[in-house]
Amino acid sequence: MPDFNQMIIAPSLLAADWANLGQECRRALAAGGDWLHLDVMDGHFVENISYGPTFVHHVRRSVPEAFLDVHLMIEHPDQYLQDFIDAGANNISIHLEPEYDTSATLKRIHDAGISAGLAINPATPLNSAEPFLDQIDLLLIMTVVPGFGGQKFMEPETMPKVVEACQMRSNRNLSFHIEVDGGIDGNTSGIAARNGANVFVAGTSVFQAEDMAAALAAMRQD
């Protein structure tokens, strides 16, 4: 069973300099990042467009050793799933909110031999995800409204869900990481950790820091 007390930091490439993609990936890992987080947005499920499986493939080629945490903020994750599996994702997180067969899609991710995550937006109650908690390796609780980087951490709306997810995991003897994404920095990572999160996605606060290694180290201080 994974050690849920171990902090995992996943720098988000949404905030990286894409003109120097390979260098940025290596810089984030060398500075102390554990995973690389890739936010895929389709302009339908969220009001922004980012990148697709080809981008993930290029990241995989640039850093073959990296754990790629792919977050599909898209309307039809079931339709595009195989493309991201083939691109080299190690974890694929799909959202609960769109209408598709969530269980079947999680099973397809596991059948491909990779980790499966389920993501929920700030407005989505945790009990909506409860039927799927025994089918996942990671629960991603969005701490901002998804779509754009640099937003403010939504503590009152999201931290009770982190606490509740920890309780559900313990009560049902389940095994899944609890990941938070949105407004994560040296201060808010500590808040989320104290509530029970152990995976932290950080974009702007890491890639725009004067000293990336120091910014990542500050997240581990609490």
Hey, among the residues in the stretch 10-30 that are touching a strand residue (DSSP E or B) at 6+ places or on another chain (Cβ under 8 Å) and hydrophobic (A, V, I, L, M, F, W, C), which one's nearest to H177 (Cα to Cα)?
A10
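Does L68 satisfy the condition of being closer than 26 Å to N20 by Cβ, in contact (Cβ under 8 Å) with a residue 24 or more places away in the chain and either surrounded by 16 or more Cβ atoms within 10 Å (Cβ to Cβ) or touching an Asp or Glu at 6+ places or on another chain (Cβ under 8 Å) (or both)?
Working: closer than 26 Å to N20 by Cβ: yes; in contact (Cβ under 8 Å) with a residue 24 or more places away in the chain: yes; either surrounded by 16 or more Cβ atoms within 10 Å (Cβ to Cβ) or touching an Asp or Glu at 6+ places or on another chain (Cβ under 8 Å) (or both): yes.
So L68 passes the test.
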Six or more apart or on different chains, Cβ under 9 Å: which pairs go from a residue in the stretch 184-199 that's in contact (Cβ under 8 Å) with a residue 24 or more places away in the chain and within 13 Å of A10 (Cα to Cα) to one that's among the charged types (D, E, K, R) and surrounded by fewer than 21 Cβ atoms within 10 Å (Cβ to Cβ)? Could you list them?
S189/R220; S189/D222; N198/D3; V199/D34
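Are any residues in the stretch 150-159 in a loop (DSSP other than H, G, I, E, B) and among the polar types (S, T, N, Q), and if so, which ones? So that I can check it myself, show each step before the final result.
First, pick out the residues of the stretch 150-159 that are in a loop (DSSP other than H, G, I, E, B): 150-154.
Scanning the stretch 150-159 gives a single hit, Q151.
Does V145 fit the bill of being aliphatic (A, V, I, L, M), within 16 Å of the chain's Cα centre (by Cα), within 29 Å of I49 (Cα to Cα) and assigned to a loop (DSSP other than H, G, I, E, B)? Break it down stepwise before answering.
Numbers: aliphatic (A, V, I, L, M): yes; within 16 Å of the chain's Cα centre (by Cα): yes; within 29 Å of I49 (Cα to Cα): yes; assigned to a loop (DSSP other than H, G, I, E, B): yes.
Yes, satisfied.
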Which numbered condition N173 misses (of (1) more than 27 Å from A19 (Cα to Cα); (2) in contact (Cβ under 8 Å) with a residue 12 or more places away in the chain)
(2)
Which one of these does V162 not meet: (1) assigned to a helix (DSSP H, G or I); (2) out of contact with any strand residue (DSSP E or B) (no Cβ under 7 Å at 6 or more places or on another chain)?
(2)
Any chance you could count how many residues in the stretch 103-160 are more than 30 Å from S205 (Cα to Cα), out of contact with any Leu (no Cβ under 8 Å at 6 or more places or on another chain) and hydroxyl-bearing (S, T, Y)?
1
Identify, by number, the condition in (1) closer than 24 Å to V40 by Cβ; (2) over 15 Å from the mean Cα position of the chain (by Cα); (3) touching a residue at least 40 places away in the same chain (Cβ under 8 Å) that A213 doesn't meet.
(1)
A careful count of residues in the stretch 15-43 that are surrounded by fewer than 23 Cβ atoms within 10 Å (Cβ to Cβ), closer than 23 Å to V162 by Cβ and in contact with a Ser or Thr (Cβ under 7 Å, 6 or more places away or on another chain) gives 1
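Just wondering, is there one or more residues in the stretch 80-88 that are among the aromatic types (F, W, Y) and either under 28 Å from G186 (Cα atoms) or under 17 Å from the mean Cα position of the chain (by Cα) (or both)?
So in the stretch 80-88, the residues among the aromatic types (F, W, Y) come out as 80, 84.
Checking which are either under 28 Å from G186 (Cα atoms) or under 17 Å from the mean Cα position of the chain (by Cα) (or both) leaves us with 84.
Yes.
Given the structure, is E97 closer than 17 Å to P146 by Cβ and either of a type in the set (D, E) or within 16 Å of the chain's Cα centre (by Cα) (or both)? Quick ask: steps written out before the conclusion?
Values: closer than 17 Å to P146 by Cβ: yes; either of a type in the set (D, E) or within 16 Å of the chain's Cα centre (by Cα) (or both): yes.
It is true that E97 is closer than 17 Å to P146 by Cβ and either of a type in the set (D, E) or within 16 Å of the chain's Cα centre (by Cα) (or both).
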Take the residues in the stretch 91-146 that are surrounded by 14 or more Cβ atoms within 10 Å (Cβ to Cβ) and among the acidic types (D, E), then tell me which one is nearest to L72 (Cα to Cα).
E97
Taking the stretch 85-103, which residues are within 14 Å of L13 (Cβ to Cβ) and either modelled with pLDDT under 95 or in contact with a Pro (Cβ under 6 Å, 6 or more places away or on another chain) (or both)?
A87
Evaluate the stretch 88-111: report whether one residue or more is in contact with a helix residue (DSSP H, G or I) (Cβ under 7 Å, 6 or more places away or on another chain) and within 18 Å of L21 (Cβ to Cβ).
yes
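The values are calculated or read from the model by the stated rules, or taken from the named source; none is laboratory data. Since the structure is predicted, the reported quantities are computational estimates derived from the model, not experimental observations. FYI the Cβ positions are ideal-geometry reconstructions off the backbone, even for glycines, and counts take in every protein chain you see.
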